[in-house]
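The values are calculated or read from the model by the stated rules, or taken from the named source; none is laboratory data. Just so it is clear, the model here is predicted, and its values are computed rather than measured. FYI the Cβ positions are ideal-geometry reconstructions off the backbone, even for glycines, and counts take in every protein chain you see. Accessible surface is based on the protein model in full, side chains and every heavy atom, while ligands, DNA and RNA are left aside. Shrake-Rupley method; radii C 1.70, N 1.55, O 1.52, S 1.80 Å.
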Amino acid sequence: MFKFRQLRKIDFILLISVVILCLYGVINIFYATNFNSARKQLLFVLISCITLYIILFIDYSYFKKFIPIIYFLNIALLIFTKLFSKEINGANAWIQIGNFTLQPAEFMKISLILMISKVIDEGSNKINDKKSIYKLAFYILLPLIAIVIQPDMGMTIVCFVMSIGILFIAGINIKIFFAGSLLSIFSILLVWDTNLLPEYWKNRIVSFLNPALDSMGNGLQVSQSKIGIGIGGFMGRNGNSSYVSQFVPEPQNDFIFSIIGEYWGFLGSVLLLVVYIIIIMRVLKIARTAKDKFGELFCIGMVFYILYSVFQNIGMTIGLIPVTGINLPFVSYGGSSILSNMIGIAIVLNINMRKQSIVFID
């Protein structure tokens, strides 16, 4: 039986930092859209917090044996989504459930971290054996293929970066690491002029390299995003209507940082980054003190996810990186994103609570 005093072992700095980001997101979603969207997001946050609380009661060592089931259920859900869901914005990535939409790829990223961590943990120090490499390659490529055919460029890259990060920290042979990376780059170049890559993926890269060639599409969005951030100045601007919202479609999603820059200025943007740094440092600390390899690698996976997503999202809003449709973790609008991220943080907190042997039975 779980003892409530074990809740005192929660990393409250990490938990409070995540909640602050979520609430900050709700406020900026209100600025970007309207009260109804902000209210929906707040509901997502509350549901996610309840889910987090429930997960804390389950020793993560117990549900490790269910990870393969969770993983393959997510794969099946991705395939179902591709085959039977309605196409939205050029992708079959969402399942409509009443007034809400579910994005399976968001949950796949957590399942992928769980699966990779489990395989490496069970393989002990045999990560560079051929059998382990083939096994890991299978578990990594399967969801990547399922996501890329939706197609979802942003989540494909996120899952790839997370996987590479975990393998690197786990001690994979550097030759294998670089060979896999070069093979991935070569594969993209090989299929560039085919129909395998969606045209809008290539357009995003082209518009990044030369915004003038797509002055009314992605190039326009990025240009207006930078103007909006510039308008914010140091302290941000006051106003009932957002400049960014007038020129950037659905800024509450991928371009939420533009709204933050406009309304909160440079100061608000820096404070946002400080909170992210605190979260990353706390998760890294938990990784170092985890009682097993699984716990350590899961935390590392979450670090790579958050670090890359923040870097990518902010980078694309200021024109440093091509637009890839990646949400700003805990801040951007989306129930699936918030819930999956909270599940990831719940597991990290769970790992920290059980870094030492704990007795749960009276």
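What the table below lists for this structure:
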| quantity | calculated |
| --- | --- |
| Checklist (1) of a type outside the set (Asp, Glu); (2) surrounded by 13 or more Cβ atoms within 10 Å (Cβ to Cβ); (3) out of contact with any helix residue (DSSP H, G or I) (no Cβ under 8 Å at 6 or more places or on another chain) applied to ASN36, failing item | (2) |
| Inter-residue pairs, beta-carbon under 6 Å, first closer than 9 Å to SER48 by Cα and in region 328-341, second in a loop (DSSP other than H, G, I, E, B), 6+ apart | ASN341/PRO329; ASN341/PHE330 |
| Close pairs from region 32-43: first under 14 Å from SER245 (Cα atoms), partner open to solvent by 80 Å² or more (accessible area, probe 1.4 Å), Cβ under 6 Å, at least 6 apart | none |
| Some residue of region 58-74 being farther than 30 Å from LYS9 by Cα and open to solvent by less than 40 Å² (accessible area, probe 1.4 Å) | yes |
| Residue check for LEU307: farther than 27 Å from THR156 by Cα and either hydroxyl-bearing (Ser, Thr, Tyr) or open to solvent by 20 Å² or more (accessible area, probe 1.4 Å) (or both) | no |
| Test: THR51 is of a type in the set (S, T, N, Q) and touching a strand residue (DSSP E or B) at 6+ places or on another chain (Cβ under 8 Å) | no |
| Counted residues, region 242-263 - those being assigned to a helix (DSSP H, G or I), out of contact with any Leu (no Cβ under 8 Å at 6 or more places or on another chain), open to solvent by 10 Å² or more (accessible area, probe 1.4 Å) and within 17 Å of ILE27 (Cβ to Cβ) | 2 |
| Qualifying residues in region 115-160 (those that are under 18 Å from CYS299 (Cβ atoms) and at pLDDT below 90) - the one least open to solvent (accessible area, probe 1.4 Å) | ILE127 |
| Qualifying positions in region 15-42 - at pLDDT 95 or above and over 25 Å from GLY265 (Cα atoms) | LEU15 |
| Residue under evaluation LYS293, criteria (1) farther than 22 Å from ILE113 by Cβ; (2) modelled with pLDDT under 95, criterion not met | (1) |
| Scope region 105-123; condition in contact (Cβ under 8 Å) with a residue 60 or more places away in the chain and of a type in the set (S, T, N, Q); matching residues | SER117 |
| Helices (runs of 4 or more DSSP H) contained in region 55-140 and holding at least 3 residues of a type outside the set (S, T, N, Q), closer than 29 Å to ILE176 by Cβ and in contact with a helix residue (DSSP H, G or I) (Cβ under 6 Å, 6 or more places away or on another chain) | 67-84, 104-122 |
| Tally of residues being part of a helix (DSSP H, G or I), surrounded by fewer than 22 Cβ atoms within 10 Å (Cβ to Cβ) and over 15 Å from the mean Cα position of the chain (by Cα) across region 316-346 | 0 |
| So ILE164, is it open to solvent by less than 60 Å² (accessible area, probe 1.4 Å) and modelled with pLDDT under 80 | no |
